[in-house]
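The structure under discussion appears below in the form of structure tokens.
The values are calculated or read from the model by the stated rules, or taken from the named source; none is laboratory data. What you see is a predicted model; the values in this text were computed from it and never measured. Here Cβ is always computed from backbone atoms with ideal geometry, including for glycine, and neighbour counts include all displayed protein chains. Remember, those area values only see protein heavy atoms, side chains included, never the ligands or the DNA or RNA. Shrake-Rupley method; radii C 1.70, N 1.55, O 1.52, S 1.80 Å.
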Amino acid sequence: MKKNIKQTIIALSITALLSVGNTGCSDFLDQPALGKESLDTYFQTEEECLNQINGCYEAIHWNGWWEIRKFINTTSMCTDDMWMGNTAQDAGEYRDLAHYTGNAQTDATQNFWQYRYKGIFRTNVCLERIPEAPITDEDLRKRMIAEAKFLRAYFYFDLVINFGGVPVLHGFLQPSDVQGIKRSSVAETYKVIEDDLVDAIPDLPLRSEYPDADLGRITKGAAQALLGKVYLFQEKYNEAETML
């Protein structure tokens, strides 16, 4: 009898522990991730929208020189602008690019491609979320959208002048969403760039219209200058002249 009671108590204890453990695990897994922002709850204030736009500006150079500037420096070695240095050294990718033997596996090339698309991703998030954000300052909303369009155009321009036609991505896309997307033609890529800049120009302030705290942000003149450069690269001289 005592043995049966003891076995019953042990069985009930195990059942209780398993029940508590399962409940605790379920509660834990149902908790939102702490220390991370969610797109479902972000973009609710002007400050949050501006923070994301500022992150798009950061994508111009990222955190250090190697993401973007290294590629620009190494490709300059293909020209008369720079020299790779001591020819007795193994200059690695600097030598490869200087001697026109670099390829898609070159670190500087891979980094440049990757980080330009990371910048495009950030602008795409802004362009998808800011138009629907519950903010009241419509002029600020238009300006932020224009800034994002300028920056996306700038990133695509950097890509097309170095690689030709590239995959054009719009919207918030997961890695699985971009599988199988083909490169657009050079003309199609330039069309996307032109459209973004044409859209941005009317809603960007003149430099003189920015308050001191916002000096350094993209201006109407900057967008017009970039669009003129885009036209020149395509030999659209008449269109470029209208930007003067």
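Summary table
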quantity	calculated
Label-point gap, in nm, between K229 and D214 - each point 7 angstrom along Cα→Cβ	2.3
Whole-percent carbon and sulfur share, accessible surface of segment 55-152, 1.4 Å	49
Dipole in debye (nearest 20) - segment 92-244, about Cα centre, beta carbon charges: Lys, Arg +1; Asp, Glu -1	320
Probe 1.4 Å, accessible area per residue of segment 102-166, Å²	39
Isotropic mean projected area of the C-alpha convex hull, segment 130-174 (nm²)	3.9
Between segment 119-154 and segment 203-244, the alpha-carbon center distance in angstrom	17
Mean separation of Cα contacts under 8 Å (6+ apart) over length of segment 90-233, as relative contact order %	22
Relative contact order [Cα under 8 Å, 6+ residues apart], segment 46-146, whole percent	34
Relative contact order [Cα under 8 Å, 6+ residues apart], segment 176-244, whole percent	26
Under the Karplus curve 6.51 cos²θ - 1.76 cosθ + 1.60, θ = phi - 60°, whole-Hz ³J(HN,Hα) for segment 50-62, x wherever Gly or Pro sits	5, 4, 5, 4, 4, x, 5, 4, 4, 5, 4, 10, 6
Fraction in percent of alpha-carbon pairs per bin - 5 Å, segment 92-244	2, 9, 15, 18, 18, 15, 12, 7, 3, 1, 0, 0
Carbon/sulfur fraction of accessible area - segment 184-225, other protein chains in place, 1.4 Å, %	53
Kirkwood estimate for segment 57-176, i.e. one over the average of 1/r between Cα atoms, Å	16.2
Note, ³J(HN,Hα) from phi for segment 225-239, Karplus 6.51, -1.76, 1.60, rounded to Hz, x at Gly and Pro	5, 5, 5, x, 5, 4, 5, 4, 4, 9, 6, 8, 5, 5, 5
Length added when fully stretched, L39-Q114, from 0.36 nm per residue minus Cα-Cα	24.8 nm
